[in-house]
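**Student:** If you scroll down you'll find the structure; I have some questions about it.
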Amino acid sequence: MSLFAIADLHLATDPTIEDKAMDMFGGVWVDHQKSLTEIWNRMVSEEDTVLIPGDLSWALKLEEVQADFDYLKTLPGKKIIMKGNHDLWWSSKKKMQNLFPEVFFLQNNCYEADSYVIAGSRGWILPGDSNFKEEDKPIYARELLRLRASLEEAKRVLNGRKLIAATHFPPVMENGEPTEITDMFSEYGVEIALYGHLHGDVISQRKFEGRINSTEYKLVSLDSLGACPLKIL
């Protein structure tokens, strides 16, 4: 029973949803859903779990995302979904869980498996980043609270299991310096931290993979992985 991760699927399965072309970010985005389907079916079994750290769909409303969840049902494995900056369809966790009981929504909670526990939150643009603005301060502060709530829940049930955390936005500064988020991961003993959001040329400019204290960081956006879910455990 393996754990995989891949963020930024950017699905638009419903024909009424505008599929915003991602081709500008490289050839992997040409017919990317077909490539993803082929690779996912080859690598992932029904006993496995796949974490999707944000930007699942281009849908704007909850009813418009139904086709994307129907598509996910055709793929093997248990799915854990987190919110990204483009997931404008996102609603209350209770409402989403009732509509789509086949997936697990990670929000102010944690996901438990036999050998690991997953915590996480969307994150946001980091203070000190070049595009951080005054209006980003309260959003970032709320995301810190949500992340800590999730980590606290994970800590409560951890019981010696491996702690994995995920954010949609990068948790590390543009220059690779640590942040309040990386400090929080160190505080709670996170062993592996996953993130997405980065595409195209920005990947080489902003990607951070490696260790900060005892936490190993991995980028899992779709184009950084070539549409191939990354086996984490």
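The values are calculated or read from the model by the stated rules, or taken from the named source; none is laboratory data. For clarity, every value in this text was computed on a predicted model and none was experimentally measured. All Cβ positions, glycine included, derive from the backbone under ideal geometry; neighbour counts span all protein chains shown. Surface areas here come from the heavy atoms of the whole protein model, side chains and all, with no ligands, DNA or RNA. Shrake-Rupley method; radii C 1.70, N 1.55, O 1.52, S 1.80 Å.
**Student:** In the range 1-45, what residues are part of a helix (DSSP H, G or I), open to solvent by 50 Å² or more (accessible area, probe 1.4 Å) and under 21 Å from V202 (Cα atoms)?
**Tutor:** D23, M24, F25, G27
**Student:** At pLDDT 95 or above, surrounded by fewer than 17 Cβ atoms within 10 Å (Cβ to Cβ), farther than 17 Å from K83 by Cβ and of a type in the set (K, R): is that true of R156 in this structure?
**Tutor:** Judged against the criteria, R156 is a match.
**Student:** Continuing with the same structure: Given the conditions (1) under 16 Å from the mean Cα position of the chain (by Cα); (2) farther than 24 Å from C228 by Cα, and given that G84 satisfies all but one, which numbered condition is not satisfied?
**Tutor:** The one condition G84 does not meet is (2).
**Student:** Name the single residue, out of those in the range 189-200 being open to solvent by 30 Å² or more (accessible area, probe 1.4 Å) and of a type outside the set (D, E), that is nearest to N131 (Cα to Cα).
**Tutor:** H197
**Student:** Quick one: would you say I164 is in contact (Cβ under 8 Å) with a residue 40 or more places away in the chain and of a type outside the set (G, A, S)?
**Tutor:** For I164, the condition - in contact (Cβ under 8 Å) with a residue 40 or more places away in the chain and of a type outside the set (G, A, S) - is met.
**Student:** Just checking, which of G160, G84 is among the small types (G, A, S) and on the phi > 0 side of the Ramachandran plot?
**Tutor:** Within the list G160, G84, the selection yields G160.
**Student:** Further, regarding this structure: Please enumerate the residues belonging to the range 71-92 that are open to solvent by 60 Å² or more (accessible area, probe 1.4 Å) and assigned to a helix (DSSP H, G or I).
**Tutor:** K73
**Student:** I would also like to ask the following. If you go through the range 53-67 one residue at a time, how many are in contact (Cβ under 8 Å) with a residue 40 or more places away in the chain and either more than 16 Å from the chain's Cα centre (by Cα) or under 16 Å from N108 (Cα atoms) (or both)?
**Tutor:** Total satisfying the criteria: 8.
**Student:** Search the range 79-101 for residues that are farther than 21 Å from L3 by Cα and at pLDDT 95 or above and pair each with any residue that is buried (at least 20 other Cβ atoms within 10 Å of the Cβ) and of a type in the set (V, I, T) when their beta-carbon atoms are under 8 Å apart and the residues are at least 6 apart or on different chains.
**Tutor:** Filtered contacts from the range 79-101: W89/V65.
**Student:** Let me ask another. Look at V50 and say whether it is closer than 22 Å to K218 by Cβ, in contact with a helix residue (DSSP H, G or I) (Cβ under 9 Å, 6 or more places away or on another chain), open to solvent by 40 Å² or more (accessible area, probe 1.4 Å) and among the β-branched types (V, I, T).
**Tutor:** No: the conditions fail for V50.
**Student:** Moving on to the next point. Condition check: open to solvent by 40 Å² or more (accessible area, probe 1.4 Å), in contact with a helix residue (DSSP H, G or I) (Cβ under 9 Å, 6 or more places away or on another chain) and more than 30 Å from G27 (Cβ to Cβ). Does N213 satisfy that?
**Tutor:** When the stated conditions are applied, N213 passes them.
**Student:** Related question: Condition test on I192, is it at pLDDT 95 or above, out of contact with any Cys (no Cβ under 7 Å at 6 or more places or on another chain), hydrophobic (A, V, I, L, M, F, W, C) and under 24 Å from I6 (Cβ atoms)?
**Tutor:** When the stated conditions are applied, I192 passes them.
**Student:** To continue, here is another question. Take the residues of the range 128-143 that are open to solvent by 30 Å² or more (accessible area, probe 1.4 Å) and touching an Asp or Glu at 6+ places or on another chain (Cβ under 9 Å): which is nearest to H86 (Cα to Cα)?
**Tutor:** Applying the filter and picking the extreme gives S130.
**Student:** Can you name the residue in the range 101-111 that is within 18 Å of A193 (Cβ to Cβ) and assigned to a strand (DSSP E or B) and is also least open to solvent (accessible area, probe 1.4 Å) among such residues?
**Tutor:** Top of the filtered list is C110.
Okay, residues lined up against (1) open to solvent by less than 30 Å² (accessible area, probe 1.4 Å); (2) part of a helix (DSSP H, G or I):
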site: E152; (1), (2): no, yes
site: M173; (1), (2): no, no
site: S186; (1), (2): no, yes
site: V202; (1), (2): no, yes
site: Y217; (1), (2): yes, no
